[in-house]
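> Before I ask anything, let me first share the structure, which is written out below as structure tokens.
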Amino acid sequence: MDVWQWLLFFICICVKVTQTEASSWTIDVPSSVKGLLGSCVVIPCSYNYPNAKVQTFTGIWTNDGNQVIYHPTESKMLEQYRRRTKLLGDISKSNCSLMIENLQQNDGGPFHFRIELGGYNSFSYLNKKVSILMIREPNAIDFSAHEDIKEGQPVSASCSVFHSCPTYPPAFHWSHSGEQHFQAQKLHDGQWKATSILTFRSNRTDHNKLLQCRVTYHGGKHQETSKTLKVKCKCAFLNIC
């Protein structure tokens, strides 16, 4: 094999190794996440890197101008993001999820993640950026309840909302006492559905009363909705109580 053949062989090997290593630097992050102004938002993120003996992990989030919005050393961050951003989970186990609190209009991004692996290598996932779509007010509450009920009958009502901050989910408050059950459902692109289910046994004093559901989001924004209960008496000779 002459010099040129050796050179060609060496170049092919280098290209193959480089391609293999590059393909191992992968990340799973949505292209956009909805966020409620004044509340918090969590950008779900998981990453992979080539197999290596890594000593330390440093996760960093930056904006399009390569300015740091999250770094474990706070002094390296933009001042307006200090004490507002936080990595969730274990960065050494490929969790790069980022939470931003007190969401502001200029927090739209786009942002990208960078991992620095001590004793090995560093990589910026520039091909996978995420933007935050700002929402000024929360979406309407999905409220379900039977309005026409019989005295003594078990009543079930549900109140559901969408949000993007599972670390601090919305709080539900009902105007009627009873047993409450909370459900959290993970959707897609960082969205979650939170549902509160209230069950109680009706009585005649509930007739014409409002059953109200109030939802308070992290940061203080709130909304409410209600329905009027119609309770029919047990007594066969009366239509209502």
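> Can you check what the net charge comes to around Met134, using other residues whose Cβ is under 9 Å from the Cβ of Met134 (Lys, Arg +1; Asp, Glu -1)?
Here the charged neighbours net out to +1.
> How large is the dipole of the chain about the Cα centre if only Lys and Arg carry +1 and Asp and Glu carry -1, each at its Cβ, rounded to the nearest 20 debye?
Computed charge dipole of the chain: roughly 720 debye.
> Between Cys165, Cys96, Cys45, where does the largest GNM mean-square fluctuation fall for the chain, given springs only between Cα atoms within less than 10 Å?
Among Cys165, Cys96, Cys45, the largest mean-square fluctuation in the Gaussian network model of the chain belongs to Cys45.
> How large is the dipole of the stretch 142-232 about the Cα centre if only Lys and Arg carry +1 and Asp and Glu carry -1, each at its Cβ, rounded to the nearest 20 debye?
That gives the stretch 142-232 a dipole magnitude of about 160 debye.
> Quick one: if you stick a label point 7 Å off each Cα along the C-beta vector at Ser156 and Arg82, how many nm between them?
About 5.2 nm, to one decimal.
> Could you run the Karplus curve 6.51 cos²θ - 1.76 cosθ + 1.60 with θ = phi - 60° over the stretch 100-108 and give me ³J(HN,Hα) per residue in whole Hz, x for Gly and Pro?
Those phi angles translate into 10, 9, 6, 4, 10, 4, 8, 8, x Hz.
> Among (1) 19.3; (2) 21.6; (3) 18.4, only one was calculated for this model; which label is it, if the read-out is Kirkwood radius over Cα pairs in Å?
(2)
> For Lys93 and Ala52, FRET efficiency with R0 = 22 Å and r from the beta-carbon atoms, rounded to 0.05?
Once rounded, the FRET efficiency stands at 0.90.
> Turning to a different aspect of this structure: Work from the charge dipole of the chain (Cβ charges, +1 for Lys and Arg, -1 for Asp and Glu, about the Cα centre) and give the residue of Leu88, Gln105, Phe162 farthest towards its positive end.
Of the candidates, Phe162 comes out farthest on the positive side.
> Helix 3-24 versus the longest principal axis of the chain: what angle, 0 to 90°, nearest 10, using Cα atoms?
With both axes taken from Cα atoms, the answer is about 20 degrees.
> Using 0.36 nm per residue of separation minus the Cα-Cα distance, give me the extension gain between Glu147 and Glu224 in nm, one decimal.
Here the segment from Glu147 to Glu224 would lengthen by 26.0 nm.
Bear in mind that the values in this text are calculations on the coordinates, not laboratory data. Being a predicted model, the structure only gives us computed values, none of them experimental. Positions of Cβ are backbone-derived with ideal geometry, glycine not excepted, and every protein chain shown enters the neighbour counts.
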